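Peer 1: Handing you this structure, nothing more for now.
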Amino acid sequence: MRYGWQYSNGYSKTKFKIRMDILIKNCRIVDPLSDRDESGVDIEILSGTITTIGKNLKSNAPFRDLKGALVAPGFFDMHVHLREPGQEYKETIKTGTSAAASGGFTGICCMPNTDPPISDPFVVSYIRQKAAGNIVDVEICGTMTKGRKGEELAPMQALSDAEIKMISDDGSAVASAEVMRKVFEYGKMFDFLCTEHCEEPTMTAGTCMNEGKVSTRLGMPGYPSVAEDIIVARDILIAEYVGGVRYHVAHLSTHNAVRIVREAKARGVKVSCEVTPHHFSLTDEAVEIHLSNAKMNPPLREKEDIQAIIEGLQDGTIDCISTDHAPHADHEKETDMISAAFGIIGCETAIALGLTNLVHAGKLSLKKYIEVSSSNPRKLMKLSPIQIAEGEKANLTIIDLDKEWKFSTTDIFSKSHNTPFIGTNLKGQAIGIVNNNQEWWRQ
């Protein structure tokens, strides 16, 4: 057995095994694809493949007693900013995937607002080479337009040839409706998942938080929720007009956007959407406490928006949970609200926030939570489904559902520390992942 070290930051490191054999004992398997929920089960994994599932198994492989912990199909985060190339002072592929692994994710998709943006296959190739051999699978999102400028289309054929599955100008909405129509026409041709950051820019310039009572009380320029709703509605109408294109709303945050998506789905439009843990965990009141560490785009909204998001998760309007992991250096956040960068890190807290505020709060079943965190994002991106079954590649997220803990800076594997959740009491924690013939366990 060979061992490798994956360094994540200056004071922490994760250990993973290569050419992995292990007997996982006494676990609870929950697998939505096979509709399986079984406790007291053992899983034998040899050379990265599940060989046997049963009770009281014997094996020559090293064993780990999970004492009833959950084993689920590997969680996938389809909205992560790795910042490399060009912004390595915030995050790198190595530190970003370490954050993902420690948070319980076996796969992520990195967004294209790098420097240079992911507008051509050369940048795609660079990222793939840097991510090769990682315990975390790294999918890549290409841009919709050249340089994310919203003017000329990115080279769609070249991105398709590079096996890109999703395109987005994330961080910026495509302002021109005509350009968006062309994006959808080519997106349909190449079967891209066309993902939009929904923000009407003339309504949000210079803003720093949700427009409402809190922004008025603080004297902060407010970002109106209708600025998001307008672009969601516009894009759905264009997608419906083009027909057949797969359209995805990134980090949806408003109650009206939930309603608009729900109505479009009822009409048969191929629309999907995601929501972040911070948008179902916090309201804009958090800005009064956490200041710039509660500044993100879209901003934290109000209680009625959280309620609509939860209802959307319950009825299937919202397809998946993604982190929008957005690392920034200290100097970019430790400044006034207007000047501070938008975004927070999210990989390390996502699963715990989902379990605490959804599952343990009785608002979402465990099976449904796994669907929106594992099965559904892979389905949207047309990735191979993950199933816990004999003969399948072992791609697993292991969670202690009942672990009560307080999130602190020592739990951060990202290169950045911009988060409002330091000091938050949580219930449920990822304690390991298995993927790509490797394993990682929380020390």
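Peer 1: Within the stretch 257-289, track down each residue that is farther than 26 Å from GLY187 by Cα and either without any contact (Cβ under 8 Å) to a residue 12 or more places away in the chain or polar (S, T, N, Q) (or both). First the steps, then the outcome.
Peer 2: From the stretch 257-289, those farther than 26 Å from GLY187 by Cα are 277-289; that's our starting set.
If the condition is that a residue be farther than 26 Å from GLY187 by Cα and either without any contact (Cβ under 8 Å) to a residue 12 or more places away in the chain or polar (S, T, N, Q) (or both), then SER281, THR283 are the ones that fit.
Peer 1: Here is a follow-up. Among the residues of the stretch 26-40, write down those that are surrounded by fewer than 20 Cβ atoms within 10 Å (Cβ to Cβ) and in a strand (DSSP E or B). Even if it seems obvious, please write down each step before you answer.
Peer 2: Within the stretch 26-40, the first condition is being surrounded by fewer than 20 Cβ atoms within 10 Å (Cβ to Cβ), and the residues that meet it are 26, 28, 33-40.
Within the stretch 26-40, ASN26, ARG28, ARG36, ASP37, GLU38, SER39, GLY40 meet the criteria.
Peer 1: Additional query: Could you pull out the residue among SER272, SER253, SER215 that is polar (S, T, N, Q), in contact with a Gly (Cβ under 6 Å, 6 or more places away or on another chain) and either on the phi < 0 side of the Ramachandran plot or in a helix (DSSP H, G or I) (or both)?
Peer 2: It is SER215.
Peer 1: For the subset of the stretch 154-181 comprising residues that are β-branched (Val, Ile, Thr) and part of a loop (DSSP other than H, G, I, E, B), which member is nearest to ARG234 (Cα to Cα)? Steps first, please.
Peer 2: Narrowing the stretch 154-181 to residues β-branched (Val, Ile, Thr): 164, 167, 174, 179.
If we keep only those that are part of a loop (DSSP other than H, G, I, E, B) as well, we get 164, 174.
On the way: ILE164: 25, VAL174: 11 Å.
Here the residue is VAL174.
Peer 1: Quick check: anything in the stretch 196-210 of a type in the set (Gly, Ala, Ser) and either in a helix (DSSP H, G or I) or surrounded by 18 or more Cβ atoms within 10 Å (Cβ to Cβ) (or both)?
Peer 2: Within the stretch 196-210, none of the residues are of a type in the set (Gly, Ala, Ser) and either in a helix (DSSP H, G or I) or surrounded by 18 or more Cβ atoms within 10 Å (Cβ to Cβ) (or both).
Peer 1: Only residues in the stretch 325-339 that are within 24 Å of ALA250 (Cβ to Cβ) count as the first member; pair them with residues that are among the aromatic types (Phe, Trp, Tyr) and surrounded by 13 or more Cβ atoms within 10 Å (Cβ to Cβ), Cβ under 9 angstrom, at least 6 apart or cross-chain, and list the lot.
Peer 2: ALA326/PHE342; HIS328/PHE342; ALA329/TYR89
Peer 1: Kindly provide the set of residues from the stretch 83-122 that are among the charged types (D, E, K, R) and in contact with a Pro (Cβ under 7 Å, 6 or more places away or on another chain), ordered by number. Spell out how you get there, then give the answer.
Peer 2: To start, the set of residues in the stretch 83-122 that are among the charged types (D, E, K, R) comprises 83-84, 88, 90-91, 94, 115, 120.
Result: ARG83, LYS90, GLU91, ASP115, ASP120.
Peer 1: Let me ask you something else. Of all residues in the stretch 103-122, count the ones that are out of contact with any His (no Cβ under 9 Å at 6 or more places or on another chain), surrounded by 24 or more Cβ atoms within 10 Å (Cβ to Cβ) and not in a loop (DSSP other than H, G, I, E, B). Write out each step before concluding.
Peer 2: Narrowing the stretch 103-122 to residues out of contact with any His (no Cβ under 9 Å at 6 or more places or on another chain): 104-107, 112, 115-122.
After this cut, where a residue has to be surrounded by 24 or more Cβ atoms within 10 Å (Cβ to Cβ) as well, the list is 104-107, 112, 118-119.
If we keep only those that are not in a loop (DSSP other than H, G, I, E, B) as well, we get 105-107.
Matching residues across the stretch 103-122 total 3.
Conditions tested, residue by residue: (1) surrounded by 24 or more Cβ atoms within 10 Å (Cβ to Cβ); (2) in the same structural domain as ALA352 (by TED's automatic domain parsing); (3) aromatic (Phe, Trp, Tyr).
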position: LYS58; (1), (2), (3): no, no, no
position: ARG64; (1), (2), (3): no, no, no
position: ALA101; (1), (2), (3): yes, yes, no
position: ALA132; (1), (2), (3): no, yes, no
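Peer 1: Right, here's the next one. Scan the stretch 127-155 residue by residue and report those that are of a type in the set (A, V, I, L, M) and in contact with a strand residue (DSSP E or B) (Cβ under 8 Å, 6 or more places away or on another chain).
Peer 2: Taking the stretch 127-155 as the starting set, the residues that turn out to be of a type in the set (A, V, I, L, M) are 127, 131-132, 135-136, 138, 140, 144, 153-154.
Residues satisfying the conditions are ILE127, ALA131, ILE135, VAL136, VAL138, ILE140, MET144, LEU153, ALA154.
Peer 1: If we keep just the residues of the stretch 81-99 that are hydrophobic (A, V, I, L, M, F, W, C) and in contact with a helix residue (DSSP H, G or I) (Cβ under 7 Å, 6 or more places away or on another chain), which is surrounded by the most Cβ atoms within 10 Å (Cβ to Cβ)? Show your work before the answer.
Peer 2: Taking the stretch 81-99 first, the residues hydrophobic (A, V, I, L, M, F, W, C) are 82, 93, 99.
If we keep only those that are in contact with a helix residue (DSSP H, G or I) (Cβ under 7 Å, 6 or more places away or on another chain) too, we end up with 82, 93.
Values: LEU82: 29, ILE93: 23.
The selected residue is LEU82.
Peer 1: Return a yes/no flag: does the stretch 72-91 have any residue that is part of a helix (DSSP H, G or I), touching a His at 6+ places or on another chain (Cβ under 8 Å) and not basic (Lys, Arg). Outline the logic, then answer.
Peer 2: Kept after step one, since they are part of a helix (DSSP H, G or I), are these residues of the stretch 72-91: none.
So far as the stretch 72-91 goes, no, none of its residues is part of a helix (DSSP H, G or I), touching a His at 6+ places or on another chain (Cβ under 8 Å) and not basic (Lys, Arg).
Peer 1: Please enumerate the residues belonging to the stretch 236-250 that are farther than 21 Å from ASN210 by Cβ and outside any loop (DSSP other than H, G, I, E, B).
Peer 2: The initial filter retains those residues of the stretch 236-250 that are farther than 21 Å from ASN210 by Cβ, namely 236-248.
Residues satisfying the conditions are ILE236, LEU237, ILE238, ALA239, GLU240, TYR241, VAL242, ARG246, TYR247, HIS248.
Peer 1: Here's a follow-up. How many residues are within 16 Å of ALA100 (Cα to Cα) and among the basic types (Lys, Arg) if we restrict to the stretch 393-436?
Peer 2: Residues flagged as within 16 Å of ALA100 (Cα to Cα) and among the basic types (Lys, Arg) within the stretch 393-436 amount to 1.
The values are calculated or read from the model by the stated rules, or taken from the named source; none is laboratory data. Note that the coordinates shown come from a computational prediction; the quantities given were computed from them, not determined experimentally. Counting neighbours? That spans all protein chains shown, and the Cβs are built from the backbone with ideal geometry, glycine included.
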